[in-house]
Each structure stands twice: as C-alpha cells, then as structure tokens.
Amino acid sequence: MHKVSAIKTVRSNNLISRLKEQKWLFVLMLPAFIATLLFSYGPMFGLYMAFTNYQPGGGSFFYQFFHAEFVGFQWFEYFFTTGDFYRVMRNTLATSLLTLFFGFPAPIILALVLNEARQGFFKRFVQTVSYLPHFISWVIAANIVITLLASDGMLNNILVLLGIVKEPVAFLQNGPLFWWIIALSNMWKEMGFSAIMYLAAIASINPELYEAARVDGASRFKQMWHITLPSMRPTIVILAILAVGGILNAGFEQQYLLQNNTVLEYSEVIDIYAYKYGLQNSMFSYGAAVGMFKSVVAFILVLIVNRISRKVNDQALF
C-alpha cells in the first residue's frame, strides 16, 4: 500500500511540475479546448430529444425540452421499420463507398506524383490548381458541375464531337449515375487539399534512405514503392480509419444542390432525410434519432477498424 501511495505521489508531482513548465502551451490550447466543449460536447445534451416526443410550444425551450413525453426507442423503431430506411441507407452507402473508392487513393497518388516531379514550376502549378477547389463553396462547385454536365455542356459536346454518343446524355437526370457524379465531385474538390497531409509525411522521410537506395541501383519507382509508401503507412492507416468511420457521412450540400425531382429516389441520403423530417416537417425528435443512429454507427465502425488495424499491422488511431 505504501508503495502504491508513493507511486501516485510521484506521478502527481510529475504532473504538477509538467503543468508549471508548460503552462503557456496549455494557455494556448485553452481557446480550442473551450470551443470544443461548447460546440462539440455542449450540444450533446440535445440527444435526449431522440428519446422523447418533443414538440415546441409557447413556453421556455428548456421547460418544453425536459417535460416532453419520454417514448424510449420509439423513433428508432419507426426509422428501422419504415420503407424509407432501405432507400436512405442504400443511397448513403452507395455514395460513401464510391467516394471512398475514388477519393481515398486519389490524394495518395497525387502526393506521390508531386513528390516525383522535378520541375519546380509544374509542381507549384499543380499544387495550386488542385488545392483551389477545396476553398470553393459547394454552391459554386455545384453550379460548375451542373454547367459541365448539362445537355449543352462541355462534356456532352465533347462526347458528341468524338462520336461516342449520338445524342446528349442527361447525366443529372439518371438516378444511378447521380452516385458516381457525387463521388467524382467529392474527389475533385478534396483531392488536392487532402494530399497536403501525405506530402507532409513524405517530407519527414530521411533523405539518406533515398541516397542509399540510389547507390544500390534502385530505380525511382522502386524507391517510391520500398521507401516512400512504407513511410506514409502510419498516415494512411489513420486517415483510412477516419474515412471508414465517416462511411455514413455522405454529405449534405452536394446532394442537396445537385439533386432534382427526377433523381430524388437516389439522392436522398441520411443527412438530407434527417433535415427533411427534422426541420422541414417539424419532427424534431425523429430527426434527432436519425442523426444519433448515424453517429453511433460511425463510432462503432471507428472502434472496429481501429482494432483490426492494430491486430494486422500494429498501427492504430488509439
């Protein structure tokens, strides 16, 4: 008992001394910590709404909120048994999996290509052009996509000119094509910005490894395959875990802005569904239940993929 008490005392003293030594670092971290508490953890008390039949009335919000009828898992059961569940999950998974398929390897490939580029002007030009779409709002990006894919748009004009199609293709009126359009739009918009993390990982590689490989006669491709990619693996694993955790986060703005009445059967993902019922139809508790379902599934997926990654290659997020 005395040994345990002594160990705890030493640890406590070490913690206090560390806090004193690094007090200004903690002061710098304080605004981000407070913002996280206010905007990430503070709103979590609203999850209680998913288990009640909340209806706004004329009184105080908190009074209406905490005195709403408790209904347990009724809204979750309603979501699972309604005919909308299959359609919404199909659209969400199809869009997310296609986005993951195209969008995850794209920044890795771009980072490798930029790393191999020896022409400084070309490298800076490609980096600037690839980063730019990330800073464009989806309102502008969606209009670019609509203009490009319109019946008289650039893509249709090229296809007709080359004789690939005889008549313009109605891309945005084709339901199954809508998933591919969203996935490729997501890839185009985020590919360059996501490559920054991989470029940072590449920049941290010891140049002596490349020098030793060149001395051994390794080609540039072999250097990339045996040095660059293995060194990027920790970053790739962490981002893969986060990407799989967000598999139900198919997005809201892009679907909402690109959809039309002819593709509603394919464009309504879980975020749009929660918005439609939670806000437009004033079914606040139902919208909260749908959103909570998405968050719980994402949390479970992160735990599962993190555990698998730890067992397979001994690298994980936590």
Charge-dipole axis of the chain as Lys and Arg at +1 and Asp and Glu at -1 on Cβ define it, positive-most pick from 156, 309, 209: 209
Listed here are the pairs 123/222; 166/276; 189/294; which of them are more than 31 Å apart at the Cα? 166/276
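How much accessible area per residue does segment 78-132 have, counting only protein heavy atoms and a probe of 1.4 Å, in square angstrom?
Values: 3080 Å² over 55 residues.
So segment 78-132 comes to 56 Å² accessible per residue, rounded to a whole number.
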Give me the one-decimal nm value for the distance between modelled label points at residue 154 and residue 212, 7 Å along each residue's Cα-to-Cβ direction. 4.7 nm
Could you tell me how far the Cα centroid of segment 125-183 sits from the Cα centroid of segment 16-93, in Å? 37 Å
If you roll a 1.4 angstrom probe over the protein chains with everything in place, what fraction of the accessible area of the chain belongs to carbon and sulfur, to the nearest %? 68 percent
Towards the positive end of the charge dipole of the chain, with charges on Cβ (+1 Lys, Arg; -1 Asp, Glu), say which of 45, 180, 238 has the farthest Cα. 238
Relative contact order (%) - the chain, alpha-carbon pairs under 8 angstrom, separation at least six: 24 percent
So who's got an amide H within less than 5 Å of the one on residue 52, skipping anything under 5 residues away but keeping other chains? H placed 1.01 Å off N, in plane. 71
In whole Hz, with x marking every Gly and Pro, tabulate ³J(HN,Hα) for segment 298-307 from phi via Karplus 6.51 cos²θ - 1.76 cosθ + 1.60, θ = phi - 60°. 4, 5, 5, 5, 4, 4, 5, 5, 4, 5
In debye, nearest 20: dipole of the chain around its Cα centre with unit charges on the Cβ of K, R (+) and D, E (-)? 1280 debye
Sticking with the crude label model, points 7 Å out along Cα→Cβ, report the distance from residue 73 to residue 313 in nm, one decimal please. 3.7 nm
What's the magnitude of the charge dipole for segment 196-318 around its Cα centre, counting Lys and Arg as +1 and Asp and Glu as -1 at the beta-carbon? Answer in Debye, nearest 20. 320 debye
Would you mind calculating the gained length between residue 30 and residue 101 on full extension (0.36 nm times residue separation, minus the Cα-Cα distance), in nm to one decimal? 21.8 nm
For segment 177-193, 3J(HN,Hα) per residue [Karplus equation, 6.51 cos²θ - 1.76 cosθ + 1.60, θ = phi - 60°, Hz, x = Gly/Pro]: 5, 4, 4, 5, 4, 4, 4, 5, 5, 4, 4, 4, 6, 10, 4, x, 5
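Ranked from highest to lowest mean number of other Cβ atoms within 10 Å per residue, what is the order of the peptides 202-208, 227-233?
227-233, 202-208
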Plugging the Cβ-Cβ distance of residue 22 and residue 233 into 1/(1 + (r/R0)^6) at R0 = 30 Å yields, to the nearest 0.05, a FRET efficiency of 0.45
In a Gaussian network model over the chain where Cα atoms closer than 10 Å are linked, find which of 142, 32, 183 has the largest mean-square fluctuation. 32
For segment 79-93, just list the computed ³J(HN,Hα) in residue order, Karplus coefficients 6.51, -1.76 and 1.60, θ = phi - 60°, integers in Hz, with x standing in for Gly and Pro. 5, 6, 8, 6, x, 6, 4, 4, 5, 5, 5, 4, 5, 5, 5
Over segment 249-318, with the other protein chains present, what is the accessible area per residue in square angstrom, probe 1.4 angstrom? 53 Å²
Which label marks the calculated value of semi-axes √(5λ) of the Cα gyration tensor in Å, given the options (1) 38, 38, 18; (2) 46, 31, 17; (3) 29, 21, 20? (1)
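The values are calculated or read from the model by the stated rules, or taken from the named source; none is laboratory data. As the structure is a computational prediction, the values presented were derived from the model and not from experiment. Counting neighbours? That spans all protein chains shown, and the Cβs are built from the backbone with ideal geometry, glycine included. Each accessible area value is taken on the protein alone, full model and side chains, heavy atoms only, with ligands, DNA and RNA left out. Shrake-Rupley method; radii C 1.70, N 1.55, O 1.52, S 1.80 Å.
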